[in-house]
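Take a look at the structure set out below.
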Amino acid sequence: MEQSLVIAMVGMLGIGAQWLAWRTGWPAIVLMLAAGFLAGPVFGLFDPEHAFGELLDPMVAIGVALILFEGGLSLDLRELRHAGEAVWRLVILGGPIAWVFGAFAAHSIGGLEWPVAILFAGILVVTGPTVVMPLLRQSSVKSRPAAILKWEAIVNDPIGALFAVVAYEYFRAVTASPGSGLFEVVPPLIFAAILAGVIGYVAAAAIAWAFPRGTVPEFLKVPVLLTAVIVVFVLSNQIEHEAGLVAVTVMGVALANMNVTSLRSIHPFKQNVAVLLISGIFILLSSSLKFEELAYLNWNFGLFLLALLFLVRPATILLSLLGSSVPWNERLFLAWIAPRGIVLVAISGLFALRLEEIGYDGTALIGLSFAVVVVTIVAHGFTIDLVAKLLNLKGSNRPGIIIVGSTPWTISLAMMMKELKAPVMVVDASWQRLALARQNGLPFYHGEILNEATEHNLDLTPYAVLVAATENEAYNALVCNEFAYEIGRDTVFQLGDAVDEDDRHSLPSSIRGRALFESGFGVEDVNERLSRGWVFRKTKLSDEFDFEAARERLPDAAAMLLLLRENGTIRFFTHAARPEPRAGDVIVSFAPPQERTPQDAAAKRERKRSKTAEQGT
């Protein structure tokens with residue numbers, strides 16, 4: 001099969017699995033593995049090894065390097081204020097503990113010979129950012145345990161690879177020179193890892209110096225950055241196998257903490273690249289499986305998987321965090337959640353071939369690594385919400401609204417949402433304007449929403465909708481455009497409506513948020529109506545009292561704003577979209593102060609019937 005056709009099929013399967021995961025809420029990696037397995041060994045649609053030959057391994061290796069770099073860019077050292085102690089313990093103590101316990105389990109329970117068991121246990125130290133971070137996005141775990149899991153996943157990936165390198169180099173040295181010892185093998189590897197880290201840091205410092213000074217044009221920043229990551233990875237691997245993983249991780253973390261303003265503009269692109277790479281690599285690896293490689297999955301390895309889930313991981317966490325300030329409910333949560341991902345599969349496939357070169361049977365590692373990935377993702381992916389809930393570590397399930405701008409109108413809206421028990425947060429850079437929020441007991445954040453520090457001081461996880469309603473329409477558009485990539489273009493709203501695309505004085509709709517209200521009320525409109533006594537009203541629908549009946553109860557001038565479903569989902573009425581109301585929904589409208597009498601409602605119905613009759617004639 002032509003390589004171009006294989007690439008197209010890999011892309012369709014990978015992105016299709018990601019889309020299906022978004023629609024169903026299932027872990028994306030499980031669907032991608034299933035898609036690749038069906039396309040490869042089951043139906044034989046394509047064989048990546050046949051299509052790409054010797055290029056497959058470097059393709060996967062560079063893809064993993066870019067994924068680790070992208071993960072490092074998401075790590076801000078300020079997060080360690082609350083999670084630092086736990087992270088360092090899990091890296092310095094937890095890594096070796098997991099390696100030792102995993103090796104004993106792989107040998108005594110899984111039946112692997114000692115060299116293979118030791119090397120495989122080193123790789124099993126990784127937990128995989130490609131799996132952990134999507135799980136955290138799909139669930140609503142509190143910030144500190146989520147930060148611990150994220151940092152552990154990123155930092156332990158290169159450490160697990162180094163453990164495997166140490167094991168491999170030792171057994172290779174012993175095979176070549178039976179008298180070799182650890183002291184002859186380990187120090188050079190440690191030096192190589194330190195040197196790789198220095199290379200990664202120097203590369204990050206060079207980019208942080210060059211980008212803000214205009215030495216690289218804007219259209220070349222992304223290509224330069226991606227090329228630099230690949231060069232650093234390949235160069236570091238020339239020093240020692242897999243040292244490149246250390247280099248790109250250090251490079252990503254260093255860049256993330258050097259306050260390079262130019263990097264904010266490429267965040268959406270790097271996220272897109274990460275999604276494409278994760279999808280493609282999982283499909284390639286799972287479709288490369290052979291049925292003979294799965295022959296090692298016997299009942300012994302089934303017991304090993306149980307030991308990995310219920311003995312090795314809990315022992316690692318509990319011993320590492322012994323005497324720490326981490327609460328017990330968080331320790332138990334961390335003891336259960338440890339899904340594995342791409343790095344485990346990629347490194348296992350690499351060392352399976354190298355072990356055979358020095359006389360050990362490493363064929364089992366390929367099938368075993370896939371089994372570990374599938375079992376841990378299924379076990380942890382489908383239970384993370386339940387475990388977090390049982391341990392009281394779950395945030396609010398109801399999606400809320402974050403409101404930018406503290407004005408009388410936004411405070412009225414926030415009070416209505418609070419009354420409906422929907423999470424709400426009012427954000428404003430002015431302490432004086434926030435006085436209204438403080439007086440009414442509303443949650444508030446004092447700070448500039450566009451400041452990068454806000455991302456680390458304000459947890460945006462509970463908020464599925466953003467409403468920008470300051471007095472400045474251009475600022476509102478800027479806020480909506482900035483957060484559209486994070487929470488979705490369809491869930492950022494602002495007052496006003498850019499209806500005339502030919503008007504050079506108006507903001508184009510492409511950079512604005514969606515318009516609140518079907519009528520496109522602007523800031524002046526709502527403030528003027530609020531001064532005349534307009535208020536927010538809620539109306540609950542039922543089987544007997546439907547949407548049409550609710551409309552009749554409202555004054556003619558009233559404007560429907562949103563509906564709130566029983567599960568907390570929020571849908572807005574706009575000129576571009578109208579949600580489908582149903583029984584149990586609560587309609588929130590902005591209406592004049594006067595109460596309508598039954599006579600008013602009857603008169604409105606009569607006018608509607610007359611109008612219908614006129615149209616019929």
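Data for the structure
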{"quantity": "Verdict on residue 362 being of a type outside the set (Asp, Glu), over 27 Å from the mean Cα position of the chain (by Cα) and at pLDDT below 80", "calculated": "yes"}
{"quantity": "Number of positions in region 361-396 that are open to solvent by less than 30 Å² (accessible area, probe 1.4 Å) and of a type in the set (Phe, Trp, Tyr)", "calculated": "1"}
{"quantity": "In region 45-60, the residues that are open to solvent by 90 Å² or more (accessible area, probe 1.4 Å) and among the aliphatic types (A, V, I, L, M)", "calculated": "55"}
{"quantity": "Region 293-323: number of residues that are more than 19 Å from residue 120 (Cα to Cα) and surrounded by fewer than 19 Cβ atoms within 10 Å (Cβ to Cβ)", "calculated": "4"}
{"quantity": "Residue within region 180-194 that is crowded, with 17+ Cβ neighbours inside 10 Å, in contact (Cβ under 8 Å) with a residue 12 or more places away in the chain and under 22 Å from residue 129 (Cα atoms) present", "calculated": "yes"}
{"quantity": "Helices (runs of 4 or more DSSP H) completely within region 319-426 that count 2 or more residues being more than 30 Å from residue 492 (Cα to Cα)", "calculated": "328-336, 342-357, 364-381, 384-390"}
{"quantity": "Residues being crowded, with 17+ Cβ neighbours inside 10 Å and either of a type outside the set (Ser, Thr, Tyr) or assigned to a loop (DSSP other than H, G, I, E, B) (or both) - total across region 535-546", "calculated": "3"}
{"quantity": "Filter result for residue 148 (crowded, with 24+ Cβ neighbours inside 10 Å, assigned to a helix (DSSP H, G or I), out of contact with any Asp or Glu (no Cβ under 9 Å at 6 or more places or on another chain) and of a type outside the set (Gly, Ala, Ser))", "calculated": "no"}
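Per-residue answers, yes or no, for (1) among the charged types (D, E, K, R); (2) at pLDDT 75 or above:
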residue	(1), (2)
515	no, yes
526	no, yes
537	yes, yes
571	yes, yes
577	no, no
580	yes, yes
590	no, yes
601	no, no
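The values are calculated or read from the model by the stated rules, or taken from the named source; none is laboratory data. Everything quoted here is computed from the prediction, not taken from an experiment. When we count neighbours, we look across all protein chains shown, and the Cβ atoms used for this are built from the backbone with ideal geometry, even at glycine. Please note that ligands, DNA and RNA were not included when accessible areas were found on the heavy atoms of the full protein model with its side chains. Shrake-Rupley method; radii C 1.70, N 1.55, O 1.52, S 1.80 Å.
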